[in-house]
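Below you'll find the structure, written out as structure tokens, and then a few comments.
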Amino acid sequence: MKKILDGVNSSADLKKLNISELEILAEEIRGILIDTVSKNGGHLSSNLGTVELTLAMHKVFDFSSDKIVWDVGHQSYTHKIITGRKEKFSTLRQRGGISGFPKTEESEMDAFNTGHSSTSVSAALGFATAFAMEKSDARAVAVIGDGALTGGMAYEALNHAGSSGLPLIVILNDNGMSISENVGGLSQYLRRMTSKSKYINAKVSAKSFLKGFPVVGEPFRRFVHRAKRLVKKLLLQKKLFENMGLEYLGPVDGHNLKELITIMNYAKSIGKPVIVHAVTQKGKGYAPSENNPAKFHGIGKFDQKTGESAVPSKHTYSDVFGSEITRLAKNNEKIVCITAAMPDGTGLTEFSKEFSDRFFDVGIAEGHAVTFSAALAKSGLVPVFAVYSTFLQRGYDQIVHDVAFQNLHTVFAIDRAGATGNDGETHQGIYDFSYLSHIPNMKILAPSSGAELCAMLKFAVSECDCPVAIRYPRGSADIDRELTGEIKDGRGILERVGSDVLIVALGSEVGEAMVAAEILQEKGISAAVMNARFLKPFDEELLKKLSEGKRMIVTCEDNVGIGGLADTVRRILGKEILGLSFSDEPLRCATIGEQKKDASLDGRGIAERIMMLTSEGDKIE
């Protein structure tokens with residue numbers, strides 16, 4: 001049976017459809033979303049919630065000339081399907097396939113590359129400004145979730161937009177969630193608002209009616225205008241956005257295509273900054289996702305019928321962190337935990353339930369989280385900020401000025417460090433060694449197993465009086481491997497004895513180095529493996545001792561080479577080494593295994609690089 005989607009290859013095709021056909025199209029698209037994400041993994045609940053919203057925007061706007069900027073961009077799957085990429089959509093988040101985020105390299109219909117939160121209004125305002133300078137009547141549209149509005153950058157942009165007077169259109173996708181349920185005053189304010197779609201329809205009709213009055217009717221028009229504003233004030237009570245200079249329209253049912261199209265046409269017509277408040281349901285149309293939208297925010301392969309994961313559950317580093325920090329907190333009442341809207345993703349769900357008065361979710365506001373933690377530390381508490389590596393980048397200035405310069409005992413539990421797989425370049429944690437290693441007073445540790453993570457956490461909260469960063473990878477932790485010796489400040493350990501080559505590794509690369517050493521042994525090359533444990537302070541004494549008499553020194557790190565382990569070892573030894581790391585180019589979409597293999601950071605790749613040089617008789621000095 002022929003589907004409506006079969007005839008939709010562009011926005012132009014979609015504009016020919018009536019409301020009934022669009023509603024059928026929405027359900028066809030939901031079927032594709034569920035089917036594809038169940039096989040490839042990805043962001044499901046956010047995309048199921050924005051199907052009608054996306055169709056309405058494409059019905060009203062022409063994005064061959066207008067510009068749409070998706071905040072974060074994880075909710076842009078429907079947009080991709082209806083802009084000429086439906087045939088390739090089965091390759092979503094696969095190596096060489098369709099990205100899970102907007103990519104200008106992928107389609108001209110993707111106006112701006114995104115991946116992190118709260119940037120859309122700034123970018124869309126930039127487009128609106130350029131349109132004004134070019135005297136173009138094209139429109140710039142930002143689509144931002146209520147979760148992203150907890151990020152300060154969004155307010156900086158809204159403040160600028162309100163004073164600009166430019167016809168920027170901000171679509172507020174309000175589903176009450178970011179990844180987990182939203183917190184804070186703004187989300188409470190938005191929830192108090194009730195639907196005003198009838199008011200909007202009346203406003204549009206009144207505007208059209210009054211345009212027909214002659215000049216003598218001006219006093220009447222002014223009277224109606226004043227009455228209209230009074231009614232609106234009574235309806236909305238609070239005018240947060242209008243006080244910033246933006247016309248506020250809504251809330252509108254984000255799944256009612258007729259209402260959405262009506263309100264967006266009006267927003268397009270008024271020629272000044274406007275915010276359209278659309279209320280949506282995250283995970284709509286798929287019961288497991290509706291019931292547990294946080295689980296299906298970013299999910300791996302799953303069974304469509306049950307919604308259960310298709311991959312056996314394993315203990316992840318996030319799980320180990322969550323359990324251990326909860327255990328430590330039972331014996332240390334000064335430990336408090338902070339998250340930036342990610343209690344589930346960082347493993348803090350158990351802690352938040354057991355110590356609700358010592359748990360703080362600050363929303364998508366990493367810079368604020370760092371300074372908030374600094375003041376907690378200054379007050380004698382032990383703050384532990386659990387955050388993904390790629391998101392901590394957003395708090396760099398605060399780490400330097402508010403934590404490090406004051407030498408405050410703040411613990412950064414940095415999740416998803418190193419390669420993170422199919423989310424693409426914006427979510428790879430391969431820069432944290434580099435942006436933390438030059439900061440004064442900072443200690444940096446990287447565990448190679450679950451046991452080491454537990455020991456490092458205990459060391460960080462109990463034995464330190466300065467900033468401490470513990471970075472650990474995405475995925476399963478080796479919970480069976482026993483700890484080799486206790487954690488001592490700035491001390492590494494010898495994991496394997498060898499006489500020919502020294503491999504110095506950190507974190508997840510320790511396991512890969514051990515695999516490489518086994519392969520090399522079979523080829524007649526004896527490799528020692530040093531688990532550095534600390535990047536800073538580094539165990540210079542052990543490094544110099546182990547490097548004596550070695551034909552080659554090799555470093556392995558799941559970070560870019562500049563400013564990381566390789567640079568540290570070169571500086572200490574004062575000679576060239578073989579530094580294996582990720583290059584300082586964006587790390588593209590692929591599995592973690594593929595990403596490591598490409599960079600020769602898997603066990604076999606490390607061994608092959610070493611054999612390539614030793615077989616040629618090269619001695620790197």
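Using the structure shown, decide if residue 545 is surrounded by fewer than 20 Cβ atoms within 10 Å (Cβ to Cβ), free of Cβ contacts under 8 Å to residues at least 40 places away in the same chain and outside any strand (DSSP E or B).
Working: surrounded by fewer than 20 Cβ atoms within 10 Å (Cβ to Cβ): yes; free of Cβ contacts under 8 Å to residues at least 40 places away in the same chain: yes; outside any strand (DSSP E or B): yes.
So residue 545 fits the description; yes.
Scan region 502-527 and report the pairs whose first residue is without any contact (Cβ under 8 Å) to a residue 40 or more places away in the chain and whose second residue is among the polar types (S, T, N, Q) and surrounded by fewer than 24 Cβ atoms within 10 Å (Cβ to Cβ), with Cβ atoms within less than 7 Å and a gap of 6+ or a chain change.
These pairs meet every condition: 526/499.
Quick check, is residue 455 closer than 27 Å to residue 581 by Cβ and either over 24 Å from the mean Cα position of the chain (by Cα) or not in a helix (DSSP H, G or I) (or both)? Outline the logic, then answer.
On the way: closer than 27 Å to residue 581 by Cβ: yes; either over 24 Å from the mean Cα position of the chain (by Cα) or not in a helix (DSSP H, G or I) (or both): yes.
Judged against the criteria, residue 455 is a match.
I'm trying to understand the selection: among the residues of region 342-357, which are of a type outside the set (A, V, I, L, M, F, W, C) and within 18 Å of residue 376 (Cβ to Cβ)? Break it down into steps so the answer makes sense when it comes.
To start, the set of residues in region 342-357 that are of a type outside the set (A, V, I, L, M, F, W, C) comprises 343-347, 349-350, 352-354, 356-357.
If the condition is that a residue be of a type outside the set (A, V, I, L, M, F, W, C) and within 18 Å of residue 376 (Cβ to Cβ), then 343, 346, 352, 356, 357 are the ones that fit.
Which condition does residue 329 not pass, out of (1) crowded, with 24+ Cβ neighbours inside 10 Å; (2) of a type in the set (Gly, Ala, Ser); (3) more than 16 Å from residue 415 (Cα to Cα), if it passes all the others?
Just one mismatch for residue 329, condition (1).
Enumerate the pairs (first residue in region 234-255 and surrounded by fewer than 17 Cβ atoms within 10 Å (Cβ to Cβ); second residue anywhere and part of a loop (DSSP other than H, G, I, E, B) and modelled with pLDDT under 85) with beta-carbon separation below 7 Å, excluding pairs fewer than 6 apart on the same chain, so at least 6 apart or on different chains.
235/196
Collect the residues in region 1-44 that are in contact with a Leu (Cβ under 6 Å, 6 or more places away or on another chain), among the polar types (S, T, N, Q) and surrounded by fewer than 21 Cβ atoms within 10 Å (Cβ to Cβ), keeping them in residue-number order.
40
What are the pairs with Cβ atoms under 6 angstrom where one residue, in region 436-448, is over 17 Å from residue 567 (Cα atoms) and the other, located anywhere, is among the polar types (S, T, N, Q) and surrounded by 24 or more Cβ atoms within 10 Å (Cβ to Cβ)? Sequence gap at least six, or different chains.
Pairs found: 448/531.
Answer yes or no as to whether residue 374 is assigned to a strand (DSSP E or B) and not aromatic (Phe, Trp, Tyr).
No: the conditions fail for residue 374.
Every residue in region 361-388 that is free of Cβ contacts under 8 Å to residues at least 40 places away in the same chain and over 19 Å from the mean Cα position of the chain (by Cα), please.
The answer is 371, 372, 373, 374, 375, 377, 378, 379.
Among 123, 161, which is the only one that is at pLDDT 95 or above and buried (at least 24 other Cβ atoms within 10 Å of the Cβ)?
Sole residue among the options that is at pLDDT 95 or above and buried (at least 24 other Cβ atoms within 10 Å of the Cβ): 161.
In region 373-392, which residues are more than 29 Å from residue 558 (Cβ to Cβ) and either surrounded by 21 or more Cβ atoms within 10 Å (Cβ to Cβ) or out of contact with any helix residue (DSSP H, G or I) (no Cβ under 9 Å at 6 or more places or on another chain) (or both)?
376, 378, 379, 380
With the condition kept exactly as written, say whether any residue in region 442-461 is surrounded by fewer than 19 Cβ atoms within 10 Å (Cβ to Cβ), over 20 Å from residue 558 (Cα atoms) and among the charged types (D, E, K, R).
The answer is yes, given that some residue of region 442-461 is surrounded by fewer than 19 Cβ atoms within 10 Å (Cβ to Cβ), over 20 Å from residue 558 (Cα atoms) and among the charged types (D, E, K, R).
Search region 332-357 for residues being part of a helix (DSSP H, G or I), touching a residue at least 12 places away in the same chain (Cβ under 8 Å) and over 14 Å from residue 411 (Cβ atoms), and hand back the single one that is farthest from the chain's Cα centre (by Cα).
Among those residues, the one meeting the criterion is 354.
Take the residues in region 132-145 that are on the phi < 0 side of the Ramachandran plot and either part of a loop (DSSP other than H, G, I, E, B) or free of Cβ contacts under 8 Å to residues at least 24 places away in the same chain (or both), then tell me which one is nearest to the chain's Cα centre (by Cα).
139
Of these, 90, 107, which one is part of a helix (DSSP H, G or I), more than 16 Å from the chain's Cα centre (by Cα) and either surrounded by fewer than 18 Cβ atoms within 10 Å (Cβ to Cβ) or not charged (D, E, K, R) (or both)?
On inspection, the qualifying residue turns out to be 90.
The values are calculated or read from the model by the stated rules, or taken from the named source; none is laboratory data. Computed from a prediction, not measured in an experiment: that's the story for all the values here. As a convention, Cβ positions derive from the backbone with ideal geometry for all residues, glycine included, and neighbour counts pool all protein chains shown.
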